[in-house]
Amino acid sequence: MITTAQAGEYLDSVGIALPEFILKALVEQANSIQECLDAYYSPATALLIQMYLLGLMGLGQGDKYISSQSAPSGASRSFRYQSFADRWKGSLYLLRSLDKHGCANDLIPADPTVTPAFAGIWIGKGGCMCGDK
């Protein structure tokens, strides 16, 4: 089981900042697959799977991440915006490469980078426009 502190530390390290109440809800979701993880993976691999899952869930909250920060009171923080699709695919790849048994599959959010294709059927009705008929 992961803690909110562990999850917060990991998400902060990859530049994802979430409100505490959202973080708690995401941790609860990530911990819901613990039984499956325990059945198939070592504790270290299970932890990584849960962290990558949290990363994917957190990415869905926004696309801004911290690129640099300083402090001793010339305080500064810079943000960078990478392609959301690239970040999403990278995180998803990390998760799937570890979770060979699909423990996290039901919790992975739908891919927000996929635009659904719409097709329509056009129906025309023919008729004769001949003279007086």
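What are the residues in segment 27-46 that are within 23 Å of TRP88 (Cα to Cα) and not in a helix (DSSP H, G or I), if any?
Of everything in segment 27-46, those that are within 23 Å of TRP88 (Cα to Cα) and not in a helix (DSSP H, G or I) turn out to be SER32, ILE33.
For residues in segment 40-56 being open to solvent by 70 Å² or more (accessible area, probe 1.4 Å) and in contact (Cβ under 8 Å) with a residue 24 or more places away in the chain, which is nearest to ARG96 (Cα to Cα)?
LEU48
List pairs: first residue in segment 4-21 and farther than 14 Å from LEU48 by Cα, second residue of a type in the set (D, E, K, R) and open to solvent by 40 Å² or more (accessible area, probe 1.4 Å) anywhere in the structure, Cβ distance under 7 angstrom, at least six positions apart or on different chains.
THR4/LYS24
Here is a list of conditions, (1) more than 12 Å from the chain's Cα centre (by Cα); (2) in a helix (DSSP H, G or I); (3) under 25 Å from THR113 (Cα atoms), and LEU18 meets all of them except one; can you say which number that is?
Of everything listed in (1) more than 12 Å from the chain's Cα centre (by Cα); (2) in a helix (DSSP H, G or I); (3) under 25 Å from THR113 (Cα atoms), LEU18 misses just condition (2).
What's the number of the only condition in (1) surrounded by 15 or more Cβ atoms within 10 Å (Cβ to Cβ); (2) in contact with a Phe, Trp or Tyr (Cβ under 7 Å, 6 or more places away or on another chain); (3) modelled with pLDDT under 80; (4) not hydroxyl-bearing (Ser, Thr, Tyr) that ARG80 fails to meet?
(1)
Out of ASP99, ASP63, I need the residue that is at pLDDT below 80, open to solvent by less than 50 Å² (accessible area, probe 1.4 Å), within 17 Å of the chain's Cα centre (by Cα) and acidic (Asp, Glu). Which one? Talk me through it step by step, then tell me what you get.
Working: ASP99 fails: at pLDDT below 80.
Residue meeting the stated conditions: ASP63.
Within segment 1-26, how many residues turn out to be among the β-branched types (Val, Ile, Thr), within 17 Å of SER91 (Cα to Cα) and open to solvent by less than 30 Å² (accessible area, probe 1.4 Å)?
Within segment 1-26, the subset among the β-branched types (Val, Ile, Thr) is 2-4, 14, 16, 22.
Now narrow it down to the ones that are within 17 Å of SER91 (Cα to Cα): 14, 16.
This time we only want the ones that are open to solvent by less than 30 Å² (accessible area, probe 1.4 Å), so: 16.
Qualifying residue count, segment 1-26: 1.
The values are calculated or read from the model by the stated rules, or taken from the named source; none is laboratory data. Values in this document were obtained by computation on a predicted structure and should not be read as measured data. Cβ coordinates were reconstructed from backbone atoms using ideal geometry, including for glycine residues, and neighbour counts include every protein chain displayed. Side chains are part of the model used for accessible areas, which takes the heavy atoms of the whole protein and leaves out ligands, DNA and RNA. Shrake-Rupley method; radii C 1.70, N 1.55, O 1.52, S 1.80 Å.
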